[in-house]
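Below is one structure, written out as C-alpha cells; comments come after it.
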Amino acid sequence: MGRIDGPKKSGESAPAIPANLPRLSSTVVFEGDFSSTEDLLIQGQFKGSLRLQSANLYIDRKARVEATVSAGNVYVYGTLIGSIQAAGCVFLSAEADMKGDITAARLFVEDGARFRGGVQTKSE
C-alpha cells in the first residue's frame, strides 16, 4: 500500500482514509499497549500507547484516543489527547480535536482543526 503524505498544495482537501485497513471498529473500547507494523484505523475508543513503527495511524471522525502515539504518519480526523512522535507527517483535519505535543518532520493543519499543545519539527 502506498503512503499518503498529506496535502501537496495549499487548499488541497484532506487525504482519504484507505478502504481496507485493519481497524478497531466503532464498537471497540481498547485499553492498554498496542504495537503493530501495519497501518491502523481507529474508529472506536482507545486508551494507552500505540507503537506503529513506520506504519500509518488514522483516527476516524467519531473516534476518541487518549494515548502516547509513535508512528510513521498520523492522520487525525477525530479526538486525540496525548503526544505524537511521527517519523513523517502529522495531519490534523478540520474536524480534528487534539490536545498534546507533536514531534514530526511535517505538520499539516486544516482550517477549523482544534489543537492545544506544542510542536517540534525534525528531519526525516
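The values are calculated or read from the model by the stated rules, or taken from the named source; none is laboratory data. The structure displayed is predicted, hence computed values, not measured ones. Every residue, glycine among them, receives a Cβ derived from its backbone with ideal geometry; neighbour counts consider all protein chains shown.
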**Message:** Looking at the stretch 53-67, can you tell me whether even one residue there is of a type in the set (S, T, N, Q), at pLDDT 95 or above and surrounded by 15 or more Cβ atoms within 10 Å (Cβ to Cβ)?
**Reply:** yes
**Prompt:** Given the conditions (1) in contact with a Gly (Cβ under 8 Å, 6 or more places away or on another chain); (2) at negative phi, which single one is not true for residue 100?
**Reply:** (2)
**Request:** Could you grab the pairs with beta carbons closer than 9 Å, sequence gap of 6+ or different chains, first residue in the stretch 12-29 and more than 15 Å from residue 57 (Cβ to Cβ), second one at pLDDT below 90 and exposed (fewer than 12 other Cβ atoms within 10 Å of the Cβ)?
**Result:** 20/1
**Request:** Would you confirm whether any residue within the stretch 111-124 is assigned to a strand (DSSP E or B), hydrophobic (A, V, I, L, M, F, W, C) and loosely packed, with under 14 Cβ neighbours inside 10 Å?
**Result:** yes
**Item:** Scope the stretch 78-97; condition crowded, with 19+ Cβ neighbours inside 10 Å and part of a loop (DSSP other than H, G, I, E, B); matching residues
**Value:** 78, 82, 88, 93, 96
